[in-house]
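**Student:** First the structure, which I've put down as structure tokens, then a few questions once you've had a look.
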Amino acid sequence: MLVKFTGENASLQAYGFRFEKDKPVEVKDDKVLKKLKERGNFEVMEEKAAPRKKGEGTVATKPEEGETDADAGESKGAE
């Protein structure tokens, strides 16, 4: 589960974890999760990250004729 520190300080060390304000930290220990849920300055969140499929979220385009190939530093017309 992901746990987010929502207190007033910039960060807090608790139960062997370093929590920075509003940055989620993965905690797998059920005992620690139970203790953090009891405290008012922590928010326990369900993990919503779904595995991405290959190529999802990226756009592949071919350089147009005459454009520069950034990897080789050569123009397409030089080939």
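**Student:** So, in the stretch 10-31, exactly how many residues are more than 13 Å from V44 (Cα to Cα) and in contact with a strand residue (DSSP E or B) (Cβ under 7 Å, 6 or more places away or on another chain)?
**Tutor:** Counting residues in the stretch 10-31 that are more than 13 Å from V44 (Cα to Cα) and in contact with a strand residue (DSSP E or B) (Cβ under 7 Å, 6 or more places away or on another chain) gives 7.
**Student:** Six or more apart or on different chains, Cβ atoms under 6 Å: show the pairs whose first residue is in the stretch 27-46 and over 13 Å from Y15 (Cα atoms) and whose second is in a loop (DSSP other than H, G, I, E, B) and modelled with pLDDT under 95.
**Tutor:** Correct list of pairs: N41/T6; N41/G7; E43/T6; V44/M1.
**Student:** Of everything in the stretch 18-69, what is at pLDDT 60 or above and among the basic types (K, R)? Give them in sequence order.
**Tutor:** R18, K21, K23, K28, K31, K34, K35, K37, R39, K48, K53, K54
The values are calculated or read from the model by the stated rules, or taken from the named source; none is laboratory data. These numbers were taken from a predicted model, which means no experiment stands behind them. Here the Cβ is made from the backbone with ideal geometry for all residues, glycine too, and neighbour counts use every protein chain on show.
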